[in-house]
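Below: one structure, written as structure tokens.
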Amino acid sequence: MSNISAVERKLTEEFGYSEAILFGRARSAIAALLEVLRLSSDSEVLIPSNVCPSLYWSALSSRGRARLLPVEATSGLVDDVKQAEAIAGAKKGVVIATQLYGYRQPLPATIQAARKNGWFVLENDTSLTSAKSVAGNVSRAADALLVSFGYSKTIDVGGGGAIFTNDSALAKQLRSRAESYPPLDAAAQRKETLLMQRLREVRNAHGASPATGDELISQGQRELRYGFPEELLPLLRGSLSKLAETAGHRRERARAWAGKLDTLSDAIVVPPGAAVVPWRFIRRITRGRDAVVKALRAAGFDAGTNYPPLNDVHPGIEGESFSPGSIQWGREVINLWVTEDYDMARIDAAARIIAAALAGQA
């Protein structure tokens, strides 16, 4: 058994599918899947309206049309019933049912509609909310599951991702694609760093021109297809062995943030539900969010506003109109890190900055 196949076997035990295929990036797995499924030009690929643009770039790699589904203003998630309605009212295609922010959202209506209408369901679970070590035994209803091992993910080895399925014929085709892609290397990582820096610049400039949006799509699609490099295998094995511990540490950090912020101001609103594995500490700030973010960043805290609607970097995207909920979530969401470097002293300091910034907005 090769080193890669041994790790793939470990992954199948953790995620409950019979087949696991490693790729250089999670988006590489999406691109490979869409190639293998051979969508027609009248097919659709459904994704959330508020998500990392790399998911959109991946969806554009197929012949099908990328279609954005609005998210709820209170949670940033696509409503399961509304997602099912989009499937029922469209041509055949793929729904990338995305578990965002570390929350785990049941998808019974989506799965039922997909089965009835002949759609393929890819569950996008980059924060690993369905791992056995984290969530216990989780129902495996999707046709395939996607996880990521990239920067800031629950398993962070600096790159890589995997796709899971119980379809051996599909797995064989995906593995062939993975083996044909060049392995992720230092040059590819440097390009990714520059691309993400450019993406942040565009967001911080509060909007992109159509030309800039096209530039990002072009650059992003050039960086889609990579195989998993064997040099990352030791890191991946080590991270898998302490997955439950990592998830526990993230929950502890999230609880620490909550203890400091959730009674600080009525402007700070807790999203519904509890994160299985916090991606970051997620809250809404209903007034003064931008002032808070500005103050935190000025003090050296990497406060995030992920995710705004995709038209912040891709204006006029596919002619889609964005719902009030998608816009509101983008204006109010704030995310703060739950990594080990955020001890109580650092969280206390951030809380004081947030309190001062909100007081200035009163």
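The values are calculated or read from the model by the stated rules, or taken from the named source; none is laboratory data. All of these numbers come straight from a predicted model, not from anything done at the bench. We place every Cβ from the backbone using ideal geometry, glycine too, and count neighbours over all the protein chains shown.
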(message) Just to verify a result, which residue in the stretch 115-150, among those that are part of a loop (DSSP other than H, G, I, E, B) and charged (D, E, K, R), is nearest to R27 (Cα to Cα)?
(response) D125
(message) Just to check your reading of the model, which residue among S5, S41, S28, S18 is within 15 Å of G227 (Cα to Cα) and either over 22 Å from the mean Cα position of the chain (by Cα) or of a type in the set (K, R) (or both)?
(response) S5
(request) Please enumerate the residues belonging to the stretch 204-218 that are surrounded by 16 or more Cβ atoms within 10 Å (Cβ to Cβ) and either outside any helix (DSSP H, G or I) or not β-branched (V, I, T) (or both). (result) A208, G213, L216
(message) Looking at the stretch 245-252, can you tell me whether even one residue there is crowded, with 21+ Cβ neighbours inside 10 Å and touching a Phe, Trp or Tyr at 6+ places or on another chain (Cβ under 6 Å)?
(response) no
(message) With the condition being under 26 Å from P53 (Cα atoms) and among the acidic types (D, E), I'd like the helices (runs of 4 or more DSSP H) fully within the stretch 258-362 carrying at least 1 qualifying residues.
(response) 289-298, 324-332
(message) From the list L146, L122, exactly one residue is under 11 Å from the mean Cα position of the chain (by Cα) and either farther than 15 Å from G102 by Cα or crowded, with 24+ Cβ neighbours inside 10 Å (or both). Which is it?
(response) L146
(message) With out of contact with any helix residue (DSSP H, G or I) (no Cβ under 9 Å at 6 or more places or on another chain) and crowded, with 18+ Cβ neighbours inside 10 Å as the only criterion, which of Y103, Y56 stands out?
(response) Y103
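Do we find that R140 is within 18 Å of V7 (Cα to Cα), in the same structural domain as I30 (by TED's automatic domain parsing) and of a type outside the set (D, E) in this structure?
No, not satisfied.
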(request) Identify the residue in the stretch 149-185 that is within 16 Å of E14 (Cα to Cα) and of a type in the set (G, A, S) and, among all such residues, is surrounded by the most Cβ atoms within 10 Å (Cβ to Cβ). (result) A162
